[in-house]
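The values are calculated or read from the model by the stated rules, or taken from the named source; none is laboratory data. Just so it is clear, the model here is predicted, and its values are computed rather than measured. So basically every Cβ, Gly included, is an ideal-geometry build from the backbone, and we count neighbours across all protein chains shown.
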Amino acid sequence: MAGSITDFEGKAFARDVLGLTSCEVSIGTLDAGQAVPFFHSHKENEEIYIILSGKGAFQVDGEVFPVAEGSIVRVATGHDRNIRNTSVAGKMTYLCIQAREGSLRGCTMDDAEITQRESLL
């Protein structure tokens, strides 16, 4: 994916572009009033949705709640989910990160090592 996220339309998976092997990251847009055309759940992967722009409604199973720019939603395995752009004008843009539930063993500095390298920044 090249270019600005604000100019992006549709849905794209980073796995296809970056060759990801540990998680899936997708970017999606929804036009005003549009929803993802289906509900879905996952057997092994949790999903984290990050709303980058716009506002909408998010449904997990029978619960519906508002989302807007800056909202973060985690959906565990076995739960149906969907999202709708409730704006009358303008698109909603979101990131969705998908990874195997329970697989995070080390993160941040638990999985990092300070190295000695000359900064070229």
| Which members of region 94-112 meet the condition of being part of a loop (DSSP other than H, G, I, E, B) and either at pLDDT 80 or above or surrounded by 10 or more Cβ atoms within 10 Å (Cβ to Cβ) (or both)? | GLU101, GLY102, SER103, LEU104
| How about region 21-44: which of its residues are exposed (fewer than 15 other Cβ atoms within 10 Å of the Cβ) and in contact (Cβ under 8 Å) with a residue 60 or more places away in the chain? | SER22, ASP31
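Select, from GLY28, GLY78, GLY62, the only residue that is at positive phi and of a type in the set (Gly, Ala, Ser).
Just a single option satisfies the conditions, and that option is GLY78.
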| note | Among the residues of region 89-121, the number that are farther than 14 Å from GLU24 by Cα and either touching a Cys at 6+ places or on another chain (Cβ under 7 Å) or among the β-branched types (Val, Ile, Thr) (or both) is 4
| query | What residue, among those in region 78-93 that are modelled with pLDDT under 95 and of a type outside the set (A, V, I, L, M), is surrounded by the most Cβ atoms within 10 Å (Cβ to Cβ)? | reply | THR93
